[in-house]
1. Restricting to region 637-658, what's the tally of residues that are within 14 Å of residue 270 (Cα to Cα) and outside any loop (DSSP other than H, G, I, E, B)?
2. Select from region 50-67 the residues that are surrounded by fewer than 18 Cβ atoms within 10 Å (Cβ to Cβ) and out of contact with any strand residue (DSSP E or B) (no Cβ under 9 Å at 6 or more places or on another chain) and list them in ascending order.
3. Is one or more of the residues making up region 377-396 more than 30 Å from residue 441 (Cα to Cα) and assigned to a helix (DSSP H, G or I)?
4. Give me a count of the residues in region 558-608 that are out of contact with any helix residue (DSSP H, G or I) (no Cβ under 9 Å at 6 or more places or on another chain) and within 15 Å of residue 534 (Cα to Cα).
5. Taking region 196-235 as the region of interest, how many residues are assigned to a helix (DSSP H, G or I) and within 24 Å of the chain's Cα centre (by Cα)?
6. Of 684, 736, which residue is more than 26 Å from the chain's Cα centre (by Cα), modelled with pLDDT of 90 or more, under 26 Å from residue 635 (Cα atoms) and not in a helix (DSSP H, G or I)?
7. So which of 349, 320 ends up being modelled with pLDDT under 95 and more than 25 Å from residue 299 (Cα to Cα)?
8. Taking region 470-484 as the search range and keeping residues that are in a strand (DSSP E or B) and modelled with pLDDT of 95 or more, which one is farthest from the chain's Cα centre (by Cα)?
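The values are calculated or read from the model by the stated rules, or taken from the named source; none is laboratory data. Everything numeric here is computed off the predicted structure, so don't read it as measured data. Here Cβ is always computed from backbone atoms with ideal geometry, including for glycine, and neighbour counts include all displayed protein chains.
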């Protein structure tokens with residue numbers, strides 16, 4: 001049912017749905033997708049006949065250049081921009097017409113789906129790489145090391161500036177210098193009410209209470225702001241908010257493939273991240289724990305939850321009736337996903353683009369890729385208890401007994417009539433085992449073991465299918481020819497990337513996960529620090545110093561403030577990799593405390609590249625929902641534990657604890673720009689759609705929360721008149737007093753013509769409905785959705 005608001009209220013509605021335009025994927029993202037998914041397909045199936053290297057170019061068609069694809073061949077245009085699905089390319093690979101390609105046999109459904117997706121998205125082909133791939137071994141590492149992101153970080157001398165009084169922290173000097181060079185002027189400081197609201201959303205993901213705002217505004221102590229920053233950094237809600245930020249990159253899910261984890265509890269990883277953030281775990285330690293805590297002598301089984309970064313990686317269905325060759329490809333795709341997530345998250349490099357050929361843009365060879373992939377081929381995703389194996393062994397025996405009994409119960413239930421006495425006896429036996437076995441309910445964390453997939457072996461008969469065998473020893477992978485695991489090349493020892501190491505030695509400690517973590521924080525420390533510093537800067541300003549946060553390679557964007565990024569990263573390492581210290585410096589800076597109102601003509605720097613003002617930012621869906629729950633006083637602040645369906649009527653927990661289902665995502669989350677949990681997400685990409693507007697108008701969340709807000713208002717501010725209640729509502733939602741005009745608009749809608757009128761002649765149901773609609777529109781307004 002579509003709800004209709006009366007005309008006076010419609011004038012107050014300013015939905016975000018009409019305030020901006022949708023954003024597409026960046027060219028860097030499109031190029032990465034092409035290199036990882038499309039070029040390997042074209043190379044394997046098409047280039048022998050349709051490339052500049054082919055002995056004979058068939059049909060006058062070249063598929064190894066953007067120009068060739070655009071031009072088409074003797075049979076006409078290859079692509080149809082009006083109806084991409086009806087393009088000649090798609091018809092050919094579907095075998096739907098006279099032309100059927102490739103001629104040796106139809107592509108797999110998986111490959112066809114990938115090519116269709118590429119064509120539907122515009123068939124992006126990187127213009128700068130029309131030349132064929134370099135042969136293996138031609139990567140010039142010496143030249144590659146000269147690239148800015150591979151250089152060692154260092155502290156820089158402060159640049160010269162004119163307005164010496166403006167900087168509050170060291171970073172302000174590096175921001176002010178280009179502002180002055182561009183002829184711009186920094187914006188004045190934000191007022192204190194705006195500042196505390198901005199700060200609260202930035203650090204704990206929720207708005208401040210009205211009393212917190214009043215206290216801060218009234219506090220004239222010069223140290224008041226610093227104390228506020230410190231208090232929010234120490235809040236337990238800090239870890240929850242910043243954990244969600246990290247989980248985007250870790251492609252976190254609460255529900256994994258049912259065939260992988262039967263009893264594991266993925267939320268243990270989410271809760272581990274919350275705790276690590278609250279403890280301000282050093283970032284280098286944060287990396288080591290997530291990649292190899294089980295291999296570290298100073299950690300124990302209680303730390304195994306940290307392995308969720310790798311162990312919750314997407315897995316693909318491996319139907320063991322399929323041929324070995326297909327399962328080999330599926331397993332290789334899983335390794336590729338782990339290489340991609342680890343390299344982009346920690347190093348900002350698209351190493352997975354080198355699976356089929358040397359990287360087209362960065363000094364990363366195919367051998368580099370397989371050296372890293374071998375690490376993930378040498379570990380297995382399993383469930384592990386948060387106690388020692390010795391303590392858990394009796395539980396394993398007990399669970400095996402229970403499983404055997406439950407199998408017997410299942411068989412007995414099929415009998416007619418069912419032997420009730422026997423069933424009751426077996427059920428009692430199960431209960432006895434469960435209640436008398438110590439540690440029976442010990443949580444099982446999705447974790448890793450040091451096992452490698454030895455072989456995908458076919459059974460003796462087709463009915464036996466295929467089986468995957470594992471061994472305790474690690475394995476080095478061959479460099480698969482064109483990325484095809486059924487065409488092995490030379491064996492590549494597990495090691496680190498050559499461009500980041502002067503002389504990378506083979507990893508010998510098991511799978512090499514711990515050695516990889518050490519390499520990331522020693523040999524690659526400068527790059528690793530730059531990447532995380534840029535990510536945190538982006539979270540605070542809405543734009544990164546590098547605008548491609550997961551691509552610090554040649555196809556990524558160069559830094560707008562290279563010395564600032566270098567200086568921050570160098571000091572980040574020197575300060576013990578402390579994320580909270582980095583937050584503190586950014587938040588205490590004059591740069592971050594600026595007003596969002598420009599002191600100059602905004603057309604001079606429309607994208608605010610030089611940061612002469614603060615960016616006004618739209619809050620995430622999680623922040624929006626949590627702020628509503630806080631305003632209605634229904635927010636359940638319980639931390640940790642299992643997840644809850646985001647749309648469950650009685651779910652009042654923070655949105656961090658909403659269930660993320662990788663294969664069945666909540667439509668509510670999808671509508672509101674929640675990242676795809678099947679892949680690493682560099683940053684939230686806000687979109688503006690009609691569905692979001694319809695959700696705001698008609699969705700159950702805003703309806704229930706507007707009713708709850710009005711219920712709270714009637715309990716806490718009853719009998720004081722509509723004017724006072726409007727003021728109270730504005731404080732709850734916007735952290736400020738309403739203007740006289742806003743009060744009069746509210747009174748006009750509510751049917752109150754004077755400050756003392758209470759509309760006694762109006763039925764209570766009608767009046768309550770008006771208040772609910774009034775609260776509803778404020779919850780959906782731009783002011784509630786944006787932070788100045």
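1. Counting residues in region 637-658 that are within 14 Å of residue 270 (Cα to Cα) and outside any loop (DSSP other than H, G, I, E, B) gives 5.
2. Those that are surrounded by fewer than 18 Cβ atoms within 10 Å (Cβ to Cβ) and out of contact with any strand residue (DSSP E or B) (no Cβ under 9 Å at 6 or more places or on another chain): 52, 53, 54, 55, 56, 66, 67.
3. yes
4. Total satisfying the criteria: 0.
5. Qualifying residue count, region 196-235: 9.
6. Checking each option against the conditions leaves just 736.
7. 320
8. For region 470-484, the residue satisfying everything is 478.
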